[in-house]
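Inspection log for the structure reproduced underneath, given as structure tokens.
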Amino acid sequence: MPDTRPNSAAGVSHASAPHHPVSVGWRTAGGSWTTMPFAEAGSAVSVTERPGGGARITVTRAGAAAVEIAFAVPTKFQAFGGGERFETLDLRGQSVRYYLENFGLGNGTYLPSPWIATTLGYSLFLPDEAPAVFHIAAPFDPHVLRVQVEGESLTLDIDRGGLAELYAALIARIGPPLMPDAHFFGLWKAGDWRYENAATVAADVAGHVGLDLPMAIKLIDAYWASEVHSFAFDTGKYPDACGMVSDMARDGTGIYLWLCPWVVVGTKSFEFAKARGYVIVDRHGELITRRPGANPNVVAALIDFSNPEASAWWSGNLRGLVKQGIVGFKADFGEQLPEHAVLHSGETGGRAHNAFVRYYLEATIAAFDGKTPAIISRSGSPRVRAPIWSGDQTSDFCPKTGLPSAIRAVQSANLSGWSFIGSDLGGYFGTPTPQVFARWTQFACFTPLMMLHGLGCREPWDMDAGSAAVYADYARLHLALRPVFEQYGREAAGGGLPLLRMMPLAFPEIDWSGINDWDQQFMLGPDILVAPVAFYGNTRAVYLPAGDWYDVLAGEWVSGPAWRVHDVPLDRMPLFLRDGARLTLAADAAHGTALGLIAVNPDRHSSVDAAHGFAPDWRVDHIGIVGARGRVAPQSSTADQPAMAEAIGGWFSQDIAWLSPDALIKVNPG
């Protein structure tokens, strides 16, 4: 049984634990902080010990506006988590807010999480939705990790272990990410919402046909409806919406529609929602209106999704669209609830602000009636881990807002519980240069969501020939990687490690704090090291952990730990396969046939079992041995090269021996 000791003895015992709580504190509204040693907090502290050295600590101060707990930390350590982070993955020295923001910059994020994992062997998790700040050895307090929460009570869950164990403990608390259907891993195309109409949709269809690429999802962005949340197409923009939807479905393309959590003042939907009490009000019952998304031309009222009737109205209308053939929805925004709002649930202040997006997403998911929800969102709640995209980056290599920030975002989101993520390919704000577009395409290829979207031209078929060629090549590779995304996506959705793994998670034995730009490389599953080029210039240095790696660009085996430096052509990117890696690549997705690749260092192996280790649900017709330098002796006859052999050779290696999948493969000594 847990040992709950709400007295000073609990403080004395816990203060000697490896995570070293040193003090608690509180402040009144408008006042300054009062602190006392943790061991002397008496009845203000309750500690529940848990097996494995973990604990739940509750600190309460009646009448306080905020409460804090502080831990002593050494000079050198790393901290990760906090949700989706754009500026840095190592949060040591940062003040990390658990508070929804309408931007992803610095410590602001669309997707915060009240969870911090350290390399000191423990993590901290706040189970409540109240706004909080983690001051993690901040410059003004470099030897303290301080957690401050709004309200008169703070509950903190502490888990012990390495980073993988801490991630598992988080998933045990919040639940695993929601695995999307197969279409999610296809090619997405969104248009510029300022100009989108039936003609631009048709142009996107034609553009994919011209590149001989299947478009899995056409996302029709903002203002597709006759008015916001009429839940009916604007017939001026889409004169035959029903025919458009059915024709695209017949050709294998599903349609997602843009949503927002408000109704616009002056519309019928606003009058309907207002009359029934479905909109947000303040404590006096007065309507609250906003200019959402900083749009000076729109005044709107947020929908109160905590009201069961409002939620049912919303879900029912979306359910109607699904019945008309709409595949899914893009749930945009969700970060703008003002703190003076009072929800139907009774929540107000910062807690309501953080909870609002949860209600919004839950109401949207309810439209699918228990089936796999087909949604993506920009903002989110740790309690709803549906697929996301990383918001609005700039179309450049700016370290804080451009491609480097998107690379960090997918890693931090994965570690915080959201495995199914991508970005606006090419960035959202601005027009990408051919170099930016090519490098973003290469990065997006290795994320589960590959989506063209942004303001201005994101159509490869309207760009220069080089950009179109790079996009087409990496789009085909992305489609081939579908079994990989599914295999490790299922692992994540089953409570295992995330789909994309930051280097400290994959290789915890390494002190990554001393390795430059480690946050610009990551693992896809356990065996593929992805190193996008995310800056102007083509020279790229990549750090390889211990072990044998096949350097795809160089076409050779390398033993780590080692740095690899490449001058990377614009149509290539650094990629490394771990010795023994097994990749299942889709050959014919419609019939479930695939090719298997095995990376084999011939200096380390005498034989390879080619019959096991590939993604389930795919029939592997050919096996390719990568990097064996001609030293392969199959026991059965050599198979004919598959139709995709040339493309796979360009993606991974020209040194591939293609064999039948039913043999024990022997590797001859050198």
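Here the label points at Asp282 and Ala643, each 7 Å from Cα along the C-beta direction, are separated by 6.5 nm in the simple model. Antiparallel beta bridges, as assigned by DSSP with both residues in region 256-343, represent about 65 percent of the total such bridges. Gap in Å between the Cα centre of region 335-395 and the Cα centre of region 74-152? That distance is 20 Å. Whole-Hz Karplus values for region 114-130 come out as x, 9, 10, 10, 10, 7, 8, x, 8, 10, 10, 9, 9, x, 8, 9, 5 Hz, taken residue by residue from phi with 6.51 cos²θ - 1.76 cosθ + 1.60 and θ = phi - 60°; glycine and proline positions read x. Summary of packing: across the peptides 495-506, 42-53, the per-residue average of other C-beta atoms within 10 Å ranks them, highest first, as 495-506, 42-53. Each residue of region 182-188 was assigned a 3J(HN,Hα) from its phi angle through the Karplus expression (A = 6.51, B = -1.76, C = 1.60, θ = phi - 60°), giving 4, 4, 4, 8, x, 9, 10 Hz with x at Gly and Pro.
Annotation: amide H of Gly328 within the under-5 Å range of Ile255, Tyr256, Leu257, sequence separation 5 or more or interchain, hydrogens built in the peptide plane.
Within the shell defined by Cβ-Cβ distances under 12 Å, the residues around His344 carry a net charge of -2, with Lys and Arg each +1 and Asp and Glu each -1.
In percent, rounded to a whole number, the relative contact order of the chain is 10, using alpha-carbon pairs under 8 Å and six or more apart. Of the cross-linked pairs Lys274/Lys400; Lys237/Lys400; Lys371/Lys400; Lys76/Lys400, those separated by over 32 Å at the C-alpha level are Lys274/Lys400; Lys237/Lys400; Lys371/Lys400. Residues Asp204, Asp90 in ascending order of nearby Cβ atoms (within 10 Å, fewest first): Asp90, Asp204.
Helices of the chain meeting both criteria, an alpha-carbon length of 15 angstrom or more along the long axis and an average Kyte-Doolittle score not below 1.0, with helices taken as full DSSP H segments, are 163-174, 198-210. At what distance in angstrom do the alpha carbon centres of region 159-210 and region 461-489 lie from each other? Here the answer is 15 Å between Cα centres.
For the chain, DSSP calls about 75 percent of its internal beta bridges antiparallel.
Across the options Ala643, His605, Thr593, the greatest Cα extent toward the positive end of the charge dipole of region 582-667 (unit charges at beta carbon of Lys, Arg, Asp, Glu) belongs to His605. Exposure proxy for Trp33, Trp461: other Cβ atoms within 10 Å of each Cβ, ordered fewest to most, give Trp33, Trp461.
By other beta-carbon atoms within 10 Å, ranking Ile365, Ile598, Ile288 with the fewest at the front produces Ile288, Ile365, Ile598. A simple count of charges around Asn197, restricted to other residues whose Cβ falls under 14 Å of its Cβ and scoring Lys, Arg +1 and Asp, Glu -1, yields -3. With the charge dipole of the chain set up from +1 on Lys and Arg Cβ and -1 on Asp and Glu Cβ about the Cα centre, the Cα lying farthest toward the positive end among the listed residues Phe38, Tyr550, Gly121 is that of Phe38.
Read-outs throughout are calculated quantities, based only on the coordinates presented, and are distinct from any laboratory measurement. Predicted model, so just to flag it, every value in this text is computed and none were measured. Cβ: placed from backbone, ideal geometry, glycine included. Neighbour counts: every protein chain shown.
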